[in-house]
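The numbers here are math on the coordinates, done by the rules we state, and not lab data. In this text, all values refer to a predicted model and were calculated from it rather than measured experimentally. Positions of Cβ are generated from backbone atoms using ideal geometry, with glycine treated the same way; all protein chains shown enter the neighbour counts.
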Amino acid sequence: MNRSSRLTAMVGILAVASLVTACSSASNSSSSSSSAAPSAAAVGSSSAASAPSSASAAGSSSTAATSAAAAPTGNTTISYMDFSASGGHEKDLASIVAAFEKANPTITVNVQNVAYTDYFTKLQTAVAGGTAADAYELDYQNFVSYQSNGALAELKGVDGSVYRKSLVDAFTADGKQYGLPESFSDVVLFYNKTMFAKAGIATPTSKWTWADEKAAATKLTDKSTKTWGDFQPITYNEFYKALAQSGGQFFNADKTAATFSSAQGVTAANWLVGKAGTVMPTVADGSNTPDFDVNLFKSGKLAMWHTGIWEFGALDKVPFDWDVVVEPGNTTKASAMFTNAAVVSASSKNQAAAQKWVQFLTASDAAVTTRLSASWELPPIADNAKLSSYLKAGKPANRQAVFDALNQTVLAPVISNQQEMQDDLNNALTAAAAGRTPVDKALADAQSKVTALLGQ
């Protein structure tokens with residue numbers, strides 16, 4: 001999921017609650033369920049490819065992924081609504097559907113591809129009107145809203161060991177599974193190996209802490225040549241992650257109050273704000289302009305860069321060596337991950353068949369092979385052997401870091417007034433970075449505003 005998609009996805013949450021609630025009473029009177037979900041995670045470059053449609057390719061690994069779902073009776077047709085295939089991967093999804101239907105000849109899947117820009121509006125309307133697809137795609141932020149409003153069916157008998165633990169756990173609530181991870185992306189630390197070598201500085205490792213990063217960034221910064229040691233945006237997305245890396249919590253246990261202006265929160269904000277003008281360009285240098293960071297890294301003038309794996313493809317032709325590593329932490333590790341889920345609608349009359357489909361879509365050999373061959377996001381599976389083509393695909397050499405980052409993660413805080421919350425944090429961090437407001441006061445003011453939003 002690219003940076004604009006992540007922000008756009010969060011906006012979709014704002015209208016979900018009222019529309020889902022409107023249909024939840026009708027859904028509750030039904031014994032069946034139906035659901036739909038959107039999200040995107042662009043990873044690397046894109047290329048055309050088809051997954052095998054043979055029974056052997058579809059069947060072997062899908063056994064563990066589908067055996068737990070109750071077998072549907074007779075011939076069943078289910079609908080599946082998605083956004084991530086739209087705009088270039090429709091044929092890839094069709095090949096997964098063909099493999100599923102070959103392995104499950106009594107089930108037919110009708111796919112509804114919807115452009116990302118229209119997806120959540122159409123989904124909200126369908127859920128509110130009781131016409132939602134049997135299964136659909138959701139990103140994590142919208143999953144939280146749809147699940148809390150009763151729109152999703154519980155998925156029973158799922159073998160969670162097939163998936164990366166942090167990914168499958170993201171789609172649970174009260175110990176129950178309501179979605180299965182379909183794909184993911186995450187954030188790692190990119191670094192210019194050539195710059196480190198020329199400076200005689202040891203390259204980052206998975207054991208690095210903030211202190212190690214700061215020391216290296218300071219040595220690698222040369223303002224006279226506009227060469228910078230580090231780049232990490234001073235934003236909400238980076239703050240909640242840095243907060244977790246310092247052992248802090250964004251909300252209290254029952255989510256009735258924001259708690260991010262704690263000592264850990266002040267430490268996290270100071271970590272971000274303190275980089276500007278010392279080891280990182282400032283707004284005056286143009287750091288807030290589109291693609292400033294990627295262009296700075298590509299120019300060879302940036303040593304370390306906190307960003308997502310969706311930028312791999314942009315670095316294909318850079319004239320220097322580079323690699324990635326799991327981001328350093330302060331008191332602990334905490335990597336930001338962005339993940340999409342396949343869910344089943346609580347109003348679907350074909351829940352068994354729909355669950356069989358979402359398990360196949362998320363964990364079968366056919367799905368994994370298709371995604372990797374087409375560079376269509378990353379599959380959420382736990383078996384590294386099935387990911388070998390990706391791990392050996394070339395730069396960066398340490399692609400294993402993409403999966404190692406999932407061992408200790410932090411999910412984005414989600415509330416119904418999502419955009420207002422993000423704006424409050426971004427405004428506070430901007431004021432602190434500009435020196436207009438002390439960090440502790442800026443966070444305290446933002447915390448009060450976000451706590452007020454929780455009561456709305």
Query raised in the report: When the chain is fully extended, how far beyond the present Cα-Cα distance does residue 423 get from residue 249, taking 0.36 nm per residue of separation?
Result: 60.8 nm
Report task. Give me the Debye-computed log₁₀ of I(q)/I(0) at q = 0.12, 0.28 Å⁻¹ for region 330-396, equal point scatterers on Cα only, no solvent, two decimals. Result -> -0.45, -1.24
Query - Chain lengthening between residue 121 and residue 397 when straightened (0.36 nm per residue, less Cα-Cα) - result: 95.3 nm
Query raised in the report: At 4 °C and 1.567 mPa s, what whole-number value in µm²/s does Stokes-Einstein give for the translational diffusion of region 320-452, with Rh from the Kirkwood sum over Cα pairs?
Result: 69 µm²/s
Query - Principal axis dimensions, largest first and in whole angstrom, of region 243-340 by Cα - result: 49, 34, 24
Query raised in the report: Considering the alpha-carbon set of region 189-320 alone, what are its Rg and its Dmax in angstrom?
Result: 15.8, 51
Report summary line: Here the alpha-carbon Rg of region 312-369 over 2.2 N^0.38 Å rounds to 1.87
Report task. Using only C-alpha atoms and all pairs of different ones, pull out the Kirkwood radius for region 286-384 in Å with one decimal. Result -> 17.3 Å
Query raised in the report: When the Kirkwood hydrodynamic radius is evaluated over all pairs of different C-alpha atoms of region 77-221, what value in angstrom, to one decimal, is obtained?
Result: 18.9 Å
Query raised in the report: Cβ under 11 Å from residue 428's Cβ, residue 428 left aside: what net charge do those residues give with Lys, Arg +1 and Asp, Glu -1?
Result: -1
Query raised in the report: Fewest to most neighbouring Cβ within 10 Å: what's the order for 420, 182?
Result: 420, 182
Query raised in the report: So how strong a dipole does region 117-212 carry about its Cα centre when Lys and Arg Cβ are +1 and Asp and Glu Cβ are -1, to the nearest 20 debye?
Result: 480 debye
Query - Exposure proxy ranking, count of Cβ atoms within 10 Å, fewest first, for 121, 235 - result: 121, 235
Report summary line: Once the dipole of region 230-374 is set up from charges on Cβ (+1 Lys and Arg, -1 Asp and Glu), the residue from the list 235, 273, 340 lying farthest towards its positive end is 340
Requested in this report: Over 31 Å between C-alpha atoms is what I'm after, so list which of 165/449; 165/198; 214/317; 219/449; 219/395; 102/156 land there.
Outcome: 165/449; 165/198; 219/449
Query raised in the report: Nearest 0.05, what FRET efficiency do residue 278 and residue 299 give at R0 = 25 Å with Cβ-Cβ as r?
Result: 0.80
Report summary line: Put in order of increasing Cβ neighbours within 10 Å, starting from the fewest, 411, 272, 425 give 411, 272, 425
Query raised in the report: Based on the Cα coordinates of region 153-251, what is the per residue volume of their convex hull in Å³?
Result: 164 Å³
Query raised in the report: Semi-axes of region 380-456's equivalent ellipsoid from the Cα gyration tensor, sqrt of 5 times each eigenvalue, largest first, rounded to whole Å?
Result: 39, 17, 9
Report summary line: At R0 = 51 Å the Cβ-Cβ FRET efficiency linking residue 292 and residue 131, nearest 0.05, sits at 0.70
